[in-house]
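Student: Starting off with a structure, shown below.
Laboratory data are not the source of any read-out in this text; all were calculated from the coordinates shown. It should be emphasised that the depicted structure is a prediction, and the values quoted were computed from it without experimental measurement. Every residue, glycine as well, gets a Cβ built from its backbone with ideal geometry; the counts of neighbours run over all protein chains shown.
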Amino acid sequence: MDFNRMLVSIDNELSQEDLDSLKFLCSDLLPPKKLLSIKSSLELFTELQKISLLEEDKYDLLAELLYIIGQHSLLKVLATTKWRVQEALREKRTVSLYRQMLFQLYENITSDDLRTILFLLGIPKKYEEGKKFLEVLSYLEKNDQLSENKLDVLENAVGYVSPDLHKKINEYKKTIEIQKPTAQSFEDENDKTQFSIQDQDQVEGSYIETIQEPIQHISETVSEKDLMAENTGTLAELSLNEDPKLEIYSMNRKHRGYCLIINNEQFMKSEPRTGTEKDAEFLHSVFTWLGLHVEIRTNLLAKEIRNCLTEFKEKDHSERDCFVSCILTHGKSKAIYGTDDIDIPISEITSYFSTTNCSTLAGKPKLFFIQACQGNSSQGAHAIEPDAVSDAEKKRPKITIPNDADILVGMSTVDGYYAYRHNRTGTWYIQSLCENLTKLVPKGEDILSILTKVNKDVSEKEYSNLKQMPQPAYTLLRKLVFPIPPAPFKPASKETNF
């Protein structure tokens, strides 16, 4: 591809937020006035070309920038991958660790945290209103309150609202201490560079993505034991040990696939699940955006759920890439309930779509996202309600992830514990799932990485000592990457916070 056409192709995929991020990361490379005048990615590319940082046979910096802002799917336009970029950054980087650290703070800060930080910093109203954190950081640098070796002002403010973000600053400071030049390092410039690179490797893995959510989204309690079912993979480990040679599921058939949403709100004996309609609405909107044919079935008896699953397993999936089912209902350990309070084992639900029972989905990913309690522990506070029933303890059916391959089950909570639902805004798990799909699919992230992020986001939410821990388990044999939709996600409701 012609070099200029390649740059145009990349520009077409970048949003205004991406451009703001790129400009901030280039703050040490281009004059502030020049950056302020840049209105498009192409203009930024032009300025980088003028100073020989972007040329037809030299675009390491562009690859580094796309990697940092998470636009990994665009690296293929540069004939490279995120793994190659990772390896290259071990030897040479252009964006400083200082600039990257500030950018990571920006990526992980919440709107509530930002408002508090603005107040603590005493930033004038004319700069404060409507400002993004990147602009606040630039303001502090412009007023000589922030630099590589001057972090006290920012550190005090960030430390007040988020210990995890404060930890990132401390990690950077330790890196700077390690990298202070010695008399010996001045004798040999190459030796000094090598020492610096080694120290960067020591801390690079420690910049773990952290989100602090506002308390307005109420949290729930679960134990962190038995996070994964026996003989299933651990998402966190897989995410940290990605194999660049791992095959990817084919997503180029005529249709993307069916998405079945079963949304139970009214029950014969149990309390209604108010707020579940918000989850169903967001799931419908997000999976439609991802190209699936979405159908919602509401308030089904156990028998009707089984009939519905039979209906979808008997469909011809030959020209479809995958199958997705989202079940929103009450539940107990390793089972979900119909509206008649009759339970169905989760293992039975997944078995409908095994290779034996649904041959046209053989070798294709089958995803199940289940929002339901998995136990009867009594927890509750404020406007949250448990997605469970309080009947006497019943015999618990045994569940394991099916031996058949290509199945993923995303549970809203670990076995034995409540999953909570806000009676107005929906559930933490489903809302986080939708939000991270809309944010990370356009960046080319695979489903396991996305669910790892969901795990982290939900686990960090807290209200009155209540917490919740999702539990994903899978027998996927390849990476599952949804193709990037042709247009940005547009919420179905004005109240959506994505």
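Student: Based on the Cβ-Cβ distance of Lys490 and Glu295, what FRET efficiency does E = 1/(1 + (r/R0)^6) give at R0 = 25 Å, to the nearest 0.05?
Tutor: It comes to 0.75.
Student: Which length gain, in nm to one decimal place, applies between Asn12 and Asp164 when the Cα-Cα distance is subtracted from 0.36 nm times their residue separation?
Tutor: 51.3 nm
Student: Let me ask something additional. Take peptides 89-100, 340-351, 361-372 and line them up by average Cβ neighbours within 10 Å, highest first, as a rough protection proxy.
Tutor: Packing proxy ranking, top to bottom: 361-372, 340-351, 89-100.
Student: How far apart, in nm, are two points set 7 Å out from the Cα along the Cα-to-Cβ line at Met251 and at Ser359?
Tutor: 2.8 nm
Student: Calculate the FRET efficiency for Glu460 and Lys39 from the Cβ-Cβ distance with a Förster distance of 51 Å, rounded to the nearest 0.05.
Tutor: It comes to 0.90.
Student: Counting other beta carbons within 10 Å of each Cβ, put Phe353, Phe133 in order, fewest first.
Tutor: With the fewest neighbours first, Phe353, Phe133 line up as Phe133, Phe353.
Student: What is the distance, in nm, between label points placed 7 Å from the Cα along the Cα-to-Cβ direction at Glu135 and at Lys76?
Tutor: 3.5 nm
Student: If you plug each phi of region 31-44 into the Karplus form 6.51 cos²θ - 1.76 cosθ + 1.60 with θ = phi - 60°, what whole-Hz ³J(HN,Hα) values come out, in order, with x for Gly and Pro?
Tutor: x, x, 5, 5, 4, 5, 7, 6, 10, 8, 5, 4, 5, 5
Student: Same structure, new question: Give the order of Ile10, Ile336 when sorted by the count of other beta carbons within 10 angstrom, beginning with the fewest.
Tutor: Taking fewest neighbouring Cβ atoms as first place, the list is Ile10, Ile336.
Student: Give me Thr360, Thr329 ranked fewest to most by other Cβ atoms within 10 Å of their Cβ, as a rough exposure proxy. Walk me through the numbers before you get to the answer.
Tutor: Working: Thr360 15, Thr329 25.
Ascending number of Cβ neighbours within 10 Å: Thr360, Thr329.
Student: For Thr94 and Asn149, what does the FRET efficiency come to when R0 = 25 Å and r is the distance between their Cβ atoms, rounded to the nearest 0.05?
Tutor: 0.80
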